[in-house]
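Notes follow once the structure below has been shown.
The values are calculated or read from the model by the stated rules, or taken from the named source; none is laboratory data. Everything numeric here is computed off the predicted structure, so don't read it as measured data. Positions of Cβ are backbone-derived with ideal geometry, glycine not excepted, and every protein chain shown enters the neighbour counts. The protein model used for the area step is the full one, side chains on, heavy atoms only, and it has no ligands, DNA or RNA in it. Shrake-Rupley method; radii C 1.70, N 1.55, O 1.52, S 1.80 Å.
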Amino acid sequence: MSKPRIHWVDTAKGIAILMVILGHTQCAPVYLRAVAVSCQVPLLFFLSGYTFRPKSIRLLIGSSARQLLVPWVLVSLYSLCINNQRLTLPALASGLYFNLSWQVNPSVPAVGPSWFLLALFFARIILNGLVEPSQRRNCSAMLWLSSLCFGTIAVVLANLLDRLVPLGISQIFSAIAYLILGYMFRQSNSLDSRVRHIGIAMIPLCLIWGLCILVSTIDIGSNLYLGFPAISQIGSLAGIAVVIRLSVLIDGFSRAPSDLLAWIGMNSLGIYIVHSLDMSIPWNDLVLHAWSMYSPVGLLVFFARASFDTLVYKSIAAK
């Protein structure tokens, strides 16, 4: 049986994938991109954990391999080949091995946004393995502590190894940390029951989010933690809370935008894969240098790109 969908979760996923596209549109306003990048991926991981349901390891690996592992291989190979004209076999292997979203070393090409798929694949499997012993011992503290440990180790590894962490382990550990948080909030029923009553907290949450962005930078895909990693992660959590509250407000305010965002959220994985492929299109070149300083122009490019990704996926899914 299919799982019943939670409308505000789909709406939040829709906002998250649009934030991903905005963050990758370099001609968009810098301040909006900074806001998007600060919590876009953590939000996607958090929501994936929120909707996660433990199952047999065989079923989980089978379904996740089709949804995530196969697309990761194909999209990564495409990105590596299209963005590197003289790509050698060792460079190709190192690109897959380090699984970085952006090139941080001249000898290591990047796979682009597809890194997310591999991180989510392994994070699902590891979370599935952690849930059973915690339930058997009736010890939810085990998972809360695991989230903190995985998040801390991810930052330490990224800094110790100068962002070149083998097998994308740092990204996987970050993904596990946020997946656990989402899963635990769902299990405790503390989010769905209270999210409608945090309106007063929106202003301080937005202030915390903005201040954290000014102080620290987080980019899980390229293992980048500038400033104070703990502050950047606090900012991500504040951003997650704000977007979730915004999703609930949109759901209750107007049905048309809510349904559109929810549809995008329901198909966020497919749209993400299309977006990973569209990185080879020179979107930023659509804006003449003389117009690049005007925010509305960059926003138009973002809307064009988001529409392109959504419509391409819709046309593929329709077939």
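Quick one: net charge of Ser315's neighbours, Cβ under 15 Å, K/R +1, D/E -1? Numbers along the way, then the final one.
Numbers: positive: Lys314, Lys319; negative: Asp278, Asp309.
Once positives and negatives cancel, what remains is 0.
If R0 is 35 Å, what FRET efficiency do you get for Ser107 and Leu226 from their C-beta distance, rounded to 0.05?
0.95
If I stretch the segment between Leu145 and Arg58 completely, what's the gain in nm (0.36 nm per residue apart, minus their alpha carbon distance), one decimal?
Numbers: separation 87, 0.36 × 87 = 31.32 nm, distance 2.67 nm.
Extra length available between Leu145 and Arg58 comes to 28.7 nm.
Would you mind counting up the charge near Gln26? Only other residues with Cβ under 15 Å from its Cβ, with Lys and Arg at +1 and Asp and Glu at -1.
Values: positive: Arg33, Arg305; negative: Asp219, Asp278, Asp285.
So the surrounding residues net to -1.
Please work out the FRET efficiency for the pair Leu260 and Leu160, using the Cβ-Cβ distance as r and a Förster radius of 51 Å; give the result to the nearest 0.05.
Numbers: r = 44 Å, r/R0 = 0.86.
Taking R0 as 51 Å, the efficiency between Leu260 and Leu160 is 0.70.
Using Cα-Cα distances under 8 Å and only pairs 6 or more residues apart, what relative contact order does region 60-189 have, in percent? Could the numbers behind the result be given before it?
On the way: 144 pairs, mean separation 32.3, N = 130.
Once normalised by length, the contact order is 25 percent.
Which net charge results for the neighbourhood of Leu100, defined as the other residues with beta-carbon distances under 11 angstrom from its beta-carbon, given Lys and Arg at +1 and Asp and Glu at -1?
Values: positive: Arg163; negative: Asp219.
Taking every Cβ under 11 Å from that of Leu100, the sum is 0.
Given points 7 Å out from each Cα along the Cα-Cβ axis, report the Asn284 to Ile316 separation in nanometres with one decimal.
Inter-label distance under the simple model: 2.4 nm.
Find the centroid of the Cα atoms in region 132-148 and in region 149-181, then give the distance between the two in whole Å.
Measuring centre to centre over Cα atoms gives 19 Å.
Pull out a ≥ b ≥ c, the square roots of the eigenvalues of the alpha-carbon gyration tensor of region 40-105, then state rounded if a/c is under 1.5, prolate if not and a/b is larger than b/c, and oblate in the remaining case.
Details: a/c = 3.10, a/b = 1.86, b/c = 1.66.
In terms of gyration-tensor shape, prolate.
Tell me, what HN-Hα J-couplings in whole Hz come from the Karplus equation 6.51 cos²θ - 1.76 cosθ + 1.60 at θ = phi - 60° for each residue of region 47-56, using x for Gly and Pro?
For region 47-56, the Karplus-derived couplings read 5, 5, x, 5, 9, 6, 10, x, 8, 4 Hz, x marking Gly and Pro.
Rounded, prolate or oblate: which fits the chain when a ≥ b ≥ c are the square roots of the eigenvalues of the alpha-carbon gyration tensor, with rounded for a/c under 1.5 and prolate only if a/b beats b/c?
On the way: a/c = 1.33, a/b = 1.11, b/c = 1.20.
Note, shape of the chain comes out rounded.
By the gyration tensor of its Cα atoms, with a ≥ b ≥ c the square roots of the eigenvalues, what is the shape of region 211-319: rounded for a/c under 1.5, prolate for a/b over b/c, or oblate? Intermediate values should be presented prior to the final figure.
Numbers: a/c = 1.61, a/b = 1.16, b/c = 1.39.
Because a/c hits 1.5 or more and a/b fails to exceed b/c, region 211-319 counts as oblate.
Residue by residue through region 218-231, what is 3J(HN,Hα) from phi via Karplus (6.51 cos²θ - 1.76 cosθ + 1.60, θ = phi - 60°)? Round to whole Hz and write x for glycine and proline.
10, 9, 4, x, 10, 6, 9, 9, 9, x, 10, x, 4, 5
Enumerate the calculated ³J(HN,Hα) couplings along region 57-72 in order (Karplus 6.51 cos²θ - 1.76 cosθ + 1.60, θ = phi - 60°), each rounded to whole Hz, writing x wherever the residue is Gly or Pro.
Residue by residue, region 57-72 yields 4, 5, 5, 5, 5, x, 6, 5, 5, 5, 6, 10, 6, 5, x, 4 Hz.
For the chain, with the dipole built from +1 on Lys and Arg beta-carbon atoms and -1 on Asp and Glu ones, taken about the Cα centre, which of Pro54, Leu117, Leu167 lies farthest toward the positive end?
Of the options given, the answer is Pro54.
Per the 1.4 Å probe, what fraction of the accessible area of region 115-196, in percent, lies on carbon and sulfur atoms?
Numbers: 2320 of 3760 Å².
On region 115-196, the fraction of accessible area on carbon and sulfur atoms equals 62 percent.
Calculate, for the chain, the solvent-accessible area per residue in square angstrom, rolling a 1.4 angstrom probe over the heavy atoms of the protein chains. List each step's numbers first, then the result.
Values: 15770 Å² over 319 residues.
That works out to 49 Å² for each residue.
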